[in-house]
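Enquirer: The following block contains the structure, expressed as structure tokens.
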Amino acid sequence: QLTSAVERLIALHSEDEILLQQLAGVLKNQRHWKGVEKIYRQMIQRQPQNVYYYTELAGALLSDNRKEEAEKTLRQVERLGGQVSPCAQIAQFYLGRQMWDEANFYFEKALAEARGFRSLYVYQQYADSLARQRQFEKARDIYKKIFSFPQGRQYYYNLFSLYREWGRIDSLLADFGPEIKKMPFMMKQQLYQQLILGFKEQGDLQKAVHLY
């Protein structure tokens, strides 16, 4: 239950969004989830399109062992529009809590939306999530989709990091040769430098010299 002191603080600053968020931060640190819940329910009433408030409310509910209520709150987010996919934001919510199955489910839903190159960041976040789950082959397939967009080439270092973590940097050029050939010269040169360093780290000087 809310203490009378917390109730008074919330009521006192009910019109000040910044102070309410600061108060919510203090209550989160104290694990006072009912207080955090009250603040964000109040904020949602004022700004029903603000996805951040829904995810903060869901986080408080989840931390308070009320998973069903948290999931119900997140389903409300799905109905909101905006430039950023609501499903992607729900995926990020679960990703931050290492709830992998839920995160993967919402990443898939987000990528099913027809957003073209605007989905690149979502693709990259999903690939990173899969790599953290050691689902390397699936992460590689996501990078294939990323590199099908010219704008996707900016994620070349993330691609290299995937193969290094996978322990298969020698397969990167074979898997992504055509895509790498299309990269701008400077970007391609930086990728090759990373590959050379990677081979040196592995003690494979012959492959490192070959790339020079």
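Enquirer: Counting only protein heavy atoms, what percent of the accessible surface of the range 1-159 is carbon or sulfur at a 1.4 Å probe?
Expert: Reported share for carbon and sulfur atoms: 48 percent.
Enquirer: Placing +1 on the Cβ of each Lys and Arg and -1 on the Cβ of each Asp and Glu in the chain, which of Gly203, Leu62, Val36 has its Cα farthest towards the positive end of the resulting dipole?
Expert: About the Cα centre, the residue reaching furthest to the positive side is Gly203.
Enquirer: By how many nm would the segment from Asp101 to Met186 grow when fully extended, if each residue of separation counts as 0.36 nm and the alpha-carbon distance is taken off?
Expert: Stretched fully, the Asp101-Met186 segment lengthens by 26.8 nm.
Enquirer: If you keep only loop residues by DSSP, which GluC sites (Glu not before Pro) in the range 14-66 have at most 12 other Cβ atoms within 10 Å of their Cβ?
Expert: Hits after loop and neighbour filter: Glu15.
Enquirer: Need the full-extension length gain, Gln76 to Ser14, defined as separation in residues times 0.36 nm minus the C-alpha distance. One decimal, nm.
Expert: My answer for the length gained is 20.0 nm.
Enquirer: Continuing with this model, one more query. Just the number, please: Stokes-Einstein D of the chain in µm²/s, Kirkwood Rh from C-alpha pairs, 10 °C, 1.306 mPa s.
Expert: Here the translational diffusion coefficient equals 80 µm²/s.
Enquirer: Let me ask something else about it. Probe radius 1.4 Å, ligands and nucleic acids left out: which of Arg79, Arg134 has the largest accessible area, and how do the rest follow?
Expert: The ordering from most to least exposed comes out as Arg79, Arg134.
Enquirer: In the structure displayed, which of Lys144/Lys200; Lys38/Lys109; Lys72/Lys138; Lys138/Lys188; Lys138/Lys181; Lys34/Lys67 lie more than 20 Å apart, Cα to Cα?
Expert: In this structure, Lys144/Lys200; Lys38/Lys109; Lys72/Lys138; Lys138/Lys188; Lys138/Lys181 lie more than 20 Å apart at Cα.
Enquirer: Taking a probe of 1.4 Å, how large is the accessible area per residue of the chain, in Å²?
Expert: Value returned for the chain: 57 Å² of accessible area per residue.
Enquirer: What is the local net charge at Glu7, summed over the other residues whose Cβ is closer than 12 Å to its Cβ (Lys, Arg +1; Asp, Glu -1)?
Expert: Summing Lys/Arg as +1 and Asp/Glu as -1 gives +3.
Enquirer: Could you tell me how many degrees, from 0 to 90 and to the nearest 10, lie between the Cα long axis of helix 67-78 and the main elongation axis, the longest principal axis, of the Cα atoms of the chain?
Expert: The helix 67-78 is inclined about 70 degrees to the chain.
Enquirer: Still on this model: Among Glu69, Glu201, Glu165, which one moves the most in a GNM of the chain with springs linking Cα atoms closer than 10 Å?
Expert: Of Glu69, Glu201, Glu165, the most mobile in the Gaussian network model is Glu201.
Enquirer: For the range 106-164, what does the alpha-carbon gyration tensor say about shape, rounded, prolate or oblate, given a ≥ b ≥ c as the root eigenvalues, a/c under 1.5 as rounded, and a/b over b/c as prolate?
Expert: Taking the square roots of the gyration eigenvalues as a ≥ b ≥ c, the range 106-164 is oblate.
Enquirer: Can you bin the range 56-156 into rounded, prolate or oblate? Criterion: square roots of the alpha carbon gyration tensor eigenvalues sorted a ≥ b ≥ c, rounded for a/c under 1.5, prolate for a/b above b/c, oblate for the rest.
Expert: oblate
Enquirer: Label Gln133 and Asn65 with points 7 Å out from Cα along Cα→Cβ: what is the distance between them in nm?
Expert: 2.7 nm
Enquirer: Taking only DSSP H segments of four or more residues, each worth -39500 (n - 2.57), what value at 222 nm results for the chain once the sum is divided by all its residues, to the nearest 500 deg cm²/dmol?
Expert: -22500 deg cm²/dmol, from helical runs alone.
Enquirer: With springs connecting C-alpha atoms under 10 Å apart, model the chain as a Gaussian network and identify which of Asn29, Asn104, Asn158 has the largest mean-square fluctuation.
Expert: Asn29
Enquirer: In a shell of Cβ-Cβ distance under 10 Å around Tyr156, excluding Tyr156 itself, what net charge do Lys and Arg (+1) and Asp and Glu (-1) give?
Expert: Result for the neighbourhood of Tyr156: +1.
Enquirer: Please identify, among Ala112, Ala127, Ala103, the residue showing maximal mean-square fluctuation in a Gaussian network model of the chain using a 10 angstrom Cα cutoff.
Expert: For the chain, modelled as a Gaussian network with Cα springs under 10 Å, the answer is Ala112.
Enquirer: Which net charge results when you count Lys and Arg as +1 and Asp and Glu as -1 among the other residues whose beta-carbon is under 15 Å from that of Asp101?
Expert: In short, +3.
The values are calculated or read from the model by the stated rules, or taken from the named source; none is laboratory data. As the structure is a computational prediction, the values presented were derived from the model and not from experiment. Please note: Cβ atoms are built from the backbone with ideal geometry, for glycine as well, and neighbour counts cover all protein chains shown. Note: areas computed on protein heavy atoms with side chains; ligands, DNA, RNA excluded. Shrake-Rupley method; radii C 1.70, N 1.55, O 1.52, S 1.80 Å.
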